[in-house]
Amino acid sequence: MKILGIETSTRAASVAVIFEGKILAESLRESPQSFSETLMPQVEEVIKISGAFKNLDAVAVSIGPGSFTGLRIGLATAKALAYAWGIKIIGVPTLQALSYNFPNAKVLPLIDAQKNRAYCQLFENFLPLSDLEVKPIDEAIANLEKVDGKIFLCGDVLHKIKIPLPPNVRLAPPNLKMPRASSVALCAEDLKKFDNVMNLEPLYVRRSEAEELWEKRHNLSSEK
C-alpha cells in the first residue's frame, strides 16, 4: 500500500509517504506557527515529492496519547483527506509508532502528560510488554532497572529526567527520539486494519488541563 502518514502528537509536526516499507518522502517541521497553518503545506510537499497523489491507498494518523490540540488537528486533517480522496484511514497509537524506530529492541516511549508525568508503555520488537499508563517521569524510568536487557528511552520529555539512568537504560539518539510520520505509516502498514472515518477518535488517556480545572472549580463552588 501507498500510505500518507501524519504525526502531530508533540511540538513537531511531520508528514510522510511510504510504499511497501520504503519512505518515499518525509517533512518534519517544528514551527511557532499553528499546525493548522503548517500541516497542509507539508502534505502538499510530500505528495509532490513522492508523486503519490493519484494512487494513495490510505492515510495513517497518530491518534495519541499526546498534545490534545495537536491530535485534534492531525486527526481532523486525516479525516478530511480520507473523505475527500475516497481512501482508507488508519489510526495508529503514538507510542506504538515510536517503537518502530527500534526494531529488535526494548524501548520505553515517553510522551509529555504535563506535571512531570509521561504517557509510557514498554515495547519489544514493536509489541507491547506493558499497559499504557501515565506515570511520573522518574518513576517510570527507575522501574526499568527491574527489566531484563538493554532498554532505549525516547520521546519528548528526555530533557526532564532528573535521576541517573539505570545501568541497562540508554537514551535514544536525537534522530530517533521523537515520533515521526514515517513510523506512523510503517506501523499502519503492519497493523493491516482500517478504521471508520466517522468514528475514529483520539486516544487521550487523561483529561485535559481545562477539564481538570473546570472540575476543580465546580467542586469548590458546590461546597460553598
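Laboratory data are not the source of any read-out in this text; all were calculated from the coordinates shown. Values in this document were obtained by computation on a predicted structure and should not be read as measured data. Don't worry about glycine lacking a Cβ; one is built from the backbone with ideal geometry, like all the others, and counts go over all protein chains shown.
Some values worked out for this structure:
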read-out	value
Nearby lysines by direct alpha-carbon distance to LYS2 (threshold 27 angstrom, same-chain neighbours under 8 apart not counted)	LYS22, LYS48, LYS54, LYS79, LYS88, LYS177, LYS192, LYS193
Total formal charge among the other residues, if their Cβ is under 11 angstrom from that of LEU39, Lys/Arg +1 and Asp/Glu -1	-3
Counted charge near ASP148, where neighbours are those whose Cβ lies closer than 13 Å (Asp, Glu -1; Lys, Arg +1)	+1
Whole-number D in µm²/s for the stretch 97-171 (Stokes-Einstein; Kirkwood sum over Cα pairs; 25 °C, 0.890 mPa s)	203 µm²/s
In Hz, Karplus ³J(HN,Hα) per residue of the stretch 184-199 (6.51, -1.76, 1.60; θ = phi - 60°; x = Gly, Pro)	4, 5, 5, 5, 4, 4, 7, 5, 6, 8, 10, 10, 7, 4, 7, 9
Between the stretch 1-21 and the stretch 157-195, the alpha-carbon center distance in angstrom	14 Å
Beta bridges per DSSP with both ends in the chain, % antiparallel, nearest 5	60 percent
Approximate shape of the chain as ellipsoid semi-axes (Cα gyration tensor, √5λ), whole Å, largest first	29, 24, 15
Whole-Å distance, taken between Cα centres, linking the stretch 31-58 and the stretch 83-151	26 Å
Calculated from backbone phi, Karplus (6.51, -1.76, 1.60) coupling profile of the stretch 2-17 in Hz, x at Gly/Pro	9, 10, 8, x, 10, 10, 9, 7, 10, 6, 10, 9, 9, 9, 8, 10
Calculated Rg and Dmax of the stretch 1-119 using C-alpha coordinates, Å	14.1, 45
